[in-house]
Amino acid sequence: MLLAVAAAFAFDPVLETFSEGVVDWTNFRLVVHASSSGATGAMNNVESAEGDARAQLEPRIERLARAVRIDRERSAGALLDVADAVSDRLERSLTYWEVYEARYLSTGGVELDAALSLQRWLRPAMVTMATTRERPPVLGGASGLLVDARHLEVECALSPEFMDTTGSHLYGIADMTLHAASQRQPVVYVQDPADPVAARRAGLTPVLLRPERVQSGTDLVFGVEAAAALKALGDTSEVLRNGTVVVVVSP
């Protein structure tokens, strides 16, 4: 099933595999599979078999959701374990998963594939992390940022940090506006810059930058020239405030 997830796309998405399923970092969703244990072949047991498979999905989605990497220090489980209003909303919205494919086998068994939109689930947390105020739009400038990190071993995360070689901050979720964070994650990961997902996020005239190295698994460090270009991008366009950022990673 998990291989079929990638095969369904003209461009393979960036998938992180866990025992419970996969995190699809390109389409920003969790994908989980379950199958019923029954194999009677009796039609009147199909409903029972489907219920058996469906009962497996919810705990698997919750376990996989807790493993989603937020940043270099935290997984989503840390957000769920904090006793606050955001945690309560995340707990409730874990139920927003949907079955997108069901297969009814000749044996009477049932297989279900389900997905949870991470944008929808993590939105309450993302809007609390975004701190940049709205301002009149900057006209013109680049349409987005395309970061080519295929030469590096990058661990995908909801909120990576971009920095220069001195450790000074260049970009992260805090640089987005609240509205932007309610609509999209800070970066989208693809394997190929020609992926339509990249074009939709970064637009037709993106700035192309190449980081020097990875720090702490998730964060990208840019050299002097690239860091200067990234700083200028924040002043001359809406790219960072809107989060129209794509990171290209190796398979």
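The values are calculated or read from the model by the stated rules, or taken from the named source; none is laboratory data. Predicted, not measured: the structure shown is a model, and the values here were computed from it. Counting neighbours? That spans all protein chains shown, and the Cβs are built from the backbone with ideal geometry, glycine included.
I want to confirm something. Restricting to segment 220-251 and keeping residues that are hydroxyl-bearing (Ser, Thr, Tyr) and out of contact with any strand residue (DSSP E or B) (no Cβ under 8 Å at 6 or more places or on another chain), which single residue is surrounded by the fewest Cβ atoms within 10 Å (Cβ to Cβ)? Lay out the reasoning, then the answer.
Of all residues in segment 220-251, those hydroxyl-bearing (Ser, Thr, Tyr) come to 236-237, 244, 250.
Then drop every residue that is not out of contact with any strand residue (DSSP E or B) (no Cβ under 8 Å at 6 or more places or on another chain), which leaves 236-237, 250.
Numbers: 236: 13, 237: 22, 250: 11.
It comes out as 250.
Of the listed requirements (1) closer than 19 Å to residue 14 by Cβ; (2) in contact with a Gly (Cβ under 8 Å, 6 or more places away or on another chain), residue 115 misses just one: (2). Taken over segment 235-251, residues that are assigned to a helix (DSSP H, G or I), under 21 Å from the mean Cα position of the chain (by Cα) and not aliphatic (A, V, I, L, M) amount to 2.
For residues that are in a helix (DSSP H, G or I) and either without any contact (Cβ under 8 Å) to a residue 12 or more places away in the chain or touching a Phe, Trp or Tyr at 6+ places or on another chain (Cβ under 9 Å) (or both), tally how many sit in segment 217-234.
Going residue by residue through segment 217-234, those that are in a helix (DSSP H, G or I) are 224-234.
Imposing the further condition that a residue be either without any contact (Cβ under 8 Å) to a residue 12 or more places away in the chain or touching a Phe, Trp or Tyr at 6+ places or on another chain (Cβ under 9 Å) (or both) reduces the set to 225, 227-230, 232-234.
Here the count works out to 8.
Which of the residues spanning segment 61-111 are polar (S, T, N, Q) and touching a residue at least 60 places away in the same chain (Cβ under 8 Å)? 106, 107 - these are the residues of segment 61-111 that are polar (S, T, N, Q) and touching a residue at least 60 places away in the same chain (Cβ under 8 Å). Counting residues in segment 174-194 that are hydroxyl-bearing (Ser, Thr, Tyr), within 19 Å of residue 233 (Cα to Cα), more than 17 Å from the chain's Cα centre (by Cα) and not in a loop (DSSP other than H, G, I, E, B) gives one or more.
Give me the helices (runs of 4 or more DSSP H) completely within segment 23-135, filtered to those with at least 1 residues that are within 17 Å of the chain's Cα centre (by Cα), crowded, with 18+ Cβ neighbours inside 10 Å and of a type outside the set (A, V, I, L, M, F, W, C), ordered by residue number. Spell out the reasoning first.
Values: elements: 46-67, 76-80, 85-93, 118-129.
Result: 46-67, 118-129.
Which one of these is assigned to a loop (DSSP other than H, G, I, E, B) and either not assigned by TED's automatic domain parsing to the domain that holds residue 242 or not charged (D, E, K, R) (or both): 197, 214, 138?
Numbers: 197 fails: assigned to a loop (DSSP other than H, G, I, E, B); 214 fails: assigned to a loop (DSSP other than H, G, I, E, B).
Just one listed residue meets the conditions, 138.
Among the residues of segment 144-162, is there at least one that is surrounded by fewer than 20 Cβ atoms within 10 Å (Cβ to Cβ) and over 17 Å from residue 14 (Cβ atoms)? Checking segment 144-162: not a single residue is surrounded by fewer than 20 Cβ atoms within 10 Å (Cβ to Cβ) and over 17 Å from residue 14 (Cβ atoms).
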